[in-house]
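*Asks:* The structure's right below; bear with me while I get my questions together.
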Amino acid sequence: MATVAVGARLPKAEESNEAGRGRYYFSVRIRTRCRLHKWTEKQAVETKLSELSKPSSVSWPDCSKMEKWQVPFWTESQGFQPAGLTQLVRCGMEVAEELGVYMVGFDRAGYGESDPNPNRSVKSAALDVEELADALGLGPKFYVIGISLGCHAVWGALKYIPERIAGAAMMAPVVNYWWPGFPADLAAEVYNKQEVGDQWALRVSHYAPGILHWWMDQSWLPTSTVVAGTTPLPNKRDAEIRAKLKADGTFQQKMELATQQGIHESYYRDMMVMFGKWEFDPMSLPKPPCPVHIWQGDEDGLVPVVLQRHIASRLSWVNYHELPATGHFLSPVPGLGDTVLQTLFGNAKQ
């Protein structure tokens with residue numbers, strides 16, 4: 001994962017089945033950078049969400065003492081990755097200390113040690129964000145940052161809990177080719193430029209999600225190059241990063257960590273949520289009561305920049321930042337982490 005993540009569902013004795021959400025809890029991984037009286041060393045904590053009601057069982061930072069600092073709360077991952085503790089927003093120590101940053105990461109349902117949710121949806125992802133924020137006592141408003149496919153939770157938050165969001169940033173957000181706001185001819189043109197296997201994987205995810213697991217398991221059928229890590233990447237930095245991850249075994253290790261609960265409940269469930277039938281079109285959302293930013297590389301081999309430009313043109317309230325000669329992997333871009341945080345908090349140098 002390239003940044004911190006949010007969201008988990010508290011187990012309740014009495015709960016409704018709103019949005020098809022079942023009874024479950026997440027095993028969350030938390031990494032904090034919090035400034036109380038002074039900058040503290042980064043602290044890694046592993047716990048189960050069911051223990052959040054037992055303050056003595058885990059060393060949570062006291063968020064109530066952080067009112068004088070702004071507290072950003074981030075969501076989601078770089079593609080199909082769990083919330084690894086080493087993959088936070090890459091910002092300078094001085095910037096993080098100045099802003100008083102508190103970062104929270106978690107394994108989404110079905111990833112890592114988190115229990116699967118067969119009814120996972122864009123809405124459930126947004127409500128998970130809200131519940132974990134409340135469980136940690138982050139206050140009435142918090143910030144969210146999404147990366148790549150994880151941005152579906154940010155769009156969900158802007159739709160279902162806009163009053164809770166103080167600011168939102170999306171970095172190379174994956175798009176759904178079937179969003180009604182896209183011109184049909186433009187979406188079809190870009191869709192057909194994908195590798196044949198990716199076209200079929202997305203088509204099955206959208207029209208026949210029930211057979212996606214079977215489809216992806218057939219060696220004789222065209223399947224996702226994104227999952228396999230073989231998608232052609234036009235950007236040099238992206239290609240070098242992926243080659244290194246595959247050469248030293250990191251790519252495989254992260255995949256094994258992410259799919260502990262089964263690849264169907266992690267990777268494939270994400271594909272069904274992201275490329276399935278949404279309850280809303282992000283391009284039809286009203287202006288939220290918070291600033292929203294999108295960062296996109298113009299050499300992204302996974303997310304078509306022309307579709308991102310169209311989204312920005314449709315939503316006048318989105319602050320769109322296009323990065324020249326930049327690909328999909330934005331976290332390693334020098335200085336970008338500082339820029340994202342400073343911009344989100346309104347302190348970016350112009």
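*Asks:* List the GluC sites (Glu not before Pro) in segment 198-292 that DSSP assigns to loop (not H, G, I, E or B) and whose Cβ has at most 15 other Cβ atoms within 10 Å. Which are they?
*Replies:* Sites meeting the loop and neighbour criteria: Glu279.
*Asks:* List every residue whose amide H lies under 5 Å from the amide H of Ala169, counting only residues 5 or more places away in sequence or on a different chain, with H placed 1.01 Å from N in the peptide plane.
*Replies:* Val144, Ile145, Gly146, His293
*Asks:* Also, quick follow-up: For Asn117, enumerate residues with amide H under 5 Å from its amide H, sequence gap 5+ or separate chain, H modeled in the peptide plane.
*Replies:* Here Gly110 satisfy the definition.
*Asks:* Whole-Hz ³J(HN,Hα) for each residue in segment 207-216, computed from phi via Karplus 6.51 cos²θ - 1.76 cosθ + 1.60 with θ = phi - 60°, x for glycine and proline: what do you get?
*Replies:* Whole-Hz 3J(HN,Hα) from phi for segment 207-216: 9, 9, x, x, 10, 4, 4, 4, 4, 5.
*Asks:* Could you tell me which chymotrypsin sites (Phe, Trp or Tyr not before Pro) in segment 161-225 are loop residues by DSSP with no more than 15 other beta carbons within 10 angstrom of their beta carbon?
*Replies:* Qualifying residues, ordered by number: Trp220.
*Asks:* Provide the three semi-axes, in whole Å and in decreasing order, of the ellipsoid equivalent to segment 274-350 as defined by the square roots of 5 times the Cα gyration tensor eigenvalues.
*Replies:* Those come to 22, 18, 11 Å.
*Asks:* Sticking with this structure for a sec: On the full set of protein chains, 1.4 Å probe, figure out the accessible area of Thr326 and give it in Å² to the nearest 10.
*Replies:* The value for Thr326 is about 10 Å².
*Asks:* Listed here are the pairs Lys193/Lys236; Lys141/Lys287; Lys123/Lys244; which of them are more than 26 Å apart at the Cα?
*Replies:* Lys123/Lys244
*Asks:* At a temperature of 10 °C and a viscosity of 1.306 mPa s, determine how fast segment 140-184 diffuses translationally according to Stokes-Einstein, using the Kirkwood radius over alpha-carbon pairs as Rh; express D in µm²/s, rounded to the nearest whole number.
*Replies:* 141
*Asks:* Now for a separate question. Taking the convex hull of the Cα atoms, report for segment 249-290 its projected area averaged over all directions, in nm².
*Replies:* Convex hull of Cα atoms, orientation-averaged projection: 5.0 nm².
*Asks:* If I take the Cα coordinates of segment 119-244 and project them onto the principal axes, what are the three extents in Å, biggest first?
*Replies:* For segment 119-244, the Cα extents along the three principal axes come out at 50, 35, 31 Å.
*Asks:* Would you mind working out the accessible area per residue for segment 206-309, using a 1.4 Å probe, and quoting it in Å²?
*Replies:* Counting only protein heavy atoms, the per-residue value for segment 206-309 is 49 Å².
*Asks:* Quick check: from the Cα gyration tensor, does segment 174-279 come out rounded (a/c under 1.5), prolate or oblate?
*Replies:* Judged from the Cα gyration tensor, segment 174-279 comes out oblate (a/c at least 1.5, b/c at or above a/b).
*Asks:* Another question, then. With θ set to phi - 60° and the Karplus curve 6.51 cos²θ - 1.76 cosθ + 1.60, what are the ³J(HN,Hα) couplings of segment 107-114 in order, to the nearest whole Hz, using x for Gly and Pro?
*Replies:* Those phi angles translate into 8, 4, 3, x, 9, x, 9, 6 Hz.
*Asks:* How large is the Kirkwood hydrodynamic radius of segment 91-192, counting all unique pairs of alpha carbons, in Å?
*Replies:* 15.5
The values are calculated or read from the model by the stated rules, or taken from the named source; none is laboratory data. It should be emphasised that the depicted structure is a prediction, and the values quoted were computed from it without experimental measurement. Neighbour counts run over all protein chains shown; Cβ positions are idealised from the backbone, glycine included. Only protein heavy atoms, including side chains, enter the accessible area calculation; ligands, DNA and RNA are left aside. Shrake-Rupley method; radii C 1.70, N 1.55, O 1.52, S 1.80 Å.
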